[in-house]
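These notes are about the structure you will find just below.
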Amino acid sequence: MYKEIETFRAVMLTGSATKAAEMLGVSQSAVSQKLKIFESDCGLELFRRERGRLEATENAHILMLEVEKHFRGMELIEHKVKSLKNRIDTTIHLAAHPVFGQQVIPKVIAGFVQSSVTKVKFSINGSRDIYESVDSGEFDFGLVANEIYGNSCVFYSFCTVRGVLITPKNMLNIAKKSKSLSDMAGHNFVALNSEDTTRIALEKECRLKKINLNMVVETPYCHTVLELVKSGAGMGIVHPLTLAGIGSDVIDAFDIRENIYFGSNLIFRKDKTLKESAKELIKNLRIQTARELKDVAREHGIDIKAKQFDI
């Protein structure tokens, strides 16, 4: 019945069988035949035929209202199909480990969405979970700790920075802002998990200098180390960004003489090209990272050794 309804609509829109035929690209006789079939199927008189002209009845006008709703719906569906065919994904999906996810990235996203039509889906996860999410295609890219590796993703060094020693207030002499492992000996120490590359570097330095640290707690995240130190559990070594937004009245922070670094990698799938909007967000992230590191250094009076890499 679709052809008959389409013919009925064309007649109602144009006002005559001749113009309806031109609109549909068919003969006038074909239009007349379709109208008769439609009227017969409906069991209604839709047109009065006077002196070769078609005059729509009241029933025809009432029916036309419903027909127009149907065709408007069809036009919307066609428009949606076209938009889906030509769709440009306007959402960036990213994930980051907590060091970047807690403070830095939210500030970057806040500024980014104010000047871009691009939407952002953001998640804070452990580095292994991030790798699996990027590998599966759920996220466009991620920031992971440098102990994570895999074959299906591209890894770029994003930022490498020397760790910072943090202690409860007044545990160590604050006048000396540079500390070594020997200054940490004899105190309770809150350590990162044994597979963390920073923990591995720390243990290597301890073996070389024959120093034993009293590791009373192990945890996977720098922010947990910070909370434990604030609570008085001991001292610990963290990524400087962990101190973003933390005042010098909360904890004491010191430079470390030993080469104990934190590294972060940007990852995305080998078979996936980063969107221009994603590249712009990464650029803003690099800028914000440098800004946050400077703010932390100024607040805590420490000399942060960092290296950022162009992506």
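The values are calculated or read from the model by the stated rules, or taken from the named source; none is laboratory data. If you're wondering where the values come from, they're calculated on a predicted model, not measured in any experiment. Because the Cβ atoms are built from the backbone with ideal geometry, glycine has one as well, and the counts that use them run over all protein chains shown. Heads up: the accessible areas ignore ligands, DNA and RNA and are worked out on the full protein's heavy atoms, side chains in. Shrake-Rupley method; radii C 1.70, N 1.55, O 1.52, S 1.80 Å.
Along the Cα-to-Cβ line of Thr91, 7 Å from the Cα, sits a label point; which residues in the stretch 128-146 have backbone N less than 16 Å from it?
134, 137-141
Does anything in the stretch 16-53 have its amide N under 20 Å from the 7 Å Cα→Cβ label point of Glu68, and if so which residues?
Residues 16-17, 19-21, 23-24, 46-48 fall inside that zone.
With a 1.4 Å probe and all protein chains left in place, how much of the accessible area of the chain comes from carbon and sulfur atoms, in whole percent?
49 percent
For helix 58-85, what angle does its Cα long axis make with the longest principal axis of the chain, in degrees from 0 to 90 and rounded to 10?
Taking Cα atoms only, the helix is inclined about 30 degrees.
Rank-order 232-245, 283-296 by packing density, defined as the average count of other C-beta atoms within 10 Å over each peptide's residues, highest first.
With the highest mean Cβ count within 10 Å placed first, the list reads 232-245, 283-296.
Roughly how many Å² is the accessible area per residue of the chain, as a whole number, for a 1.4 Å probe?
About 53 Å² of surface per residue is accessible.
Once both axes come from the Cα atoms, what is the angle between helix 127-136 and the longest principal axis of the chain, in degrees from 0 to 90, rounded to 10?
30 degrees
If I build a Gaussian network model for the chain, linking alpha-carbon pairs within less than 10 angstrom, which residue out of Thr57, Thr197, Thr224 has the largest mean-square fluctuation?
Among Thr57, Thr197, Thr224, the largest mean-square fluctuation in the Gaussian network model of the chain belongs to Thr57.
Which of the chymotrypsin sites (Phe, Trp or Tyr not before Pro) found in the stretch 85-168 are loop residues per DSSP with 14 or fewer other Cβ atoms within 10 Å of their Cβ?
When the chymotrypsin sites (Phe, Trp or Tyr not before Pro) of the stretch 85-168 are filtered for loop state and at most 14 Cβ neighbours within 10 Å, Tyr149 remain.
Which one, Lys177, Lys272, Lys69, has the greatest fluctuation when you compute a Gaussian network model over the chain with C-alpha springs under 10 angstrom?
Lys69
What residue among Glu147, Glu68, Glu299 has the largest mean-square fluctuation in a Gaussian network model of the chain, using Cα springs under 10 Å?
Maximum among the listed residues: Glu68.
Given the Cα-Cα distance of Leu44 and Lys204 and 0.36 nm per residue of separation, how much length would full extension add, in nm?
Length gained between Leu44 and Lys204: 48.3 nm.
Which one, (i) 14.4; (ii) 24.6; (iii) 16.8, gives mean projected area of the Cα convex hull in nm² as derived from the coordinates shown?
(ii)
Can you work out the PRE-style zone for Arg51? Point 7 Å along Cα to Cβ, and I want the residues of the stretch 1-28 with backbone N under 20 Å.
15-19
As a test of the formula, what do you get for the chain when each DSSP H run with n ≥ 4 contributes -39,500 (n - 2.57) and the sum is divided by the residue count, at 222 nm and rounded to the nearest 500 deg cm²/dmol?
Helices in the chain give a 222 nm mean residue ellipticity of -14000 deg cm²/dmol.
Give me the extension gain from Glu75 to Ala185: residue separation times 0.36 nm, minus the current Cα-Cα distance, reported in nm with one decimal.
Gain in length upon complete extension: 32.1 nm.
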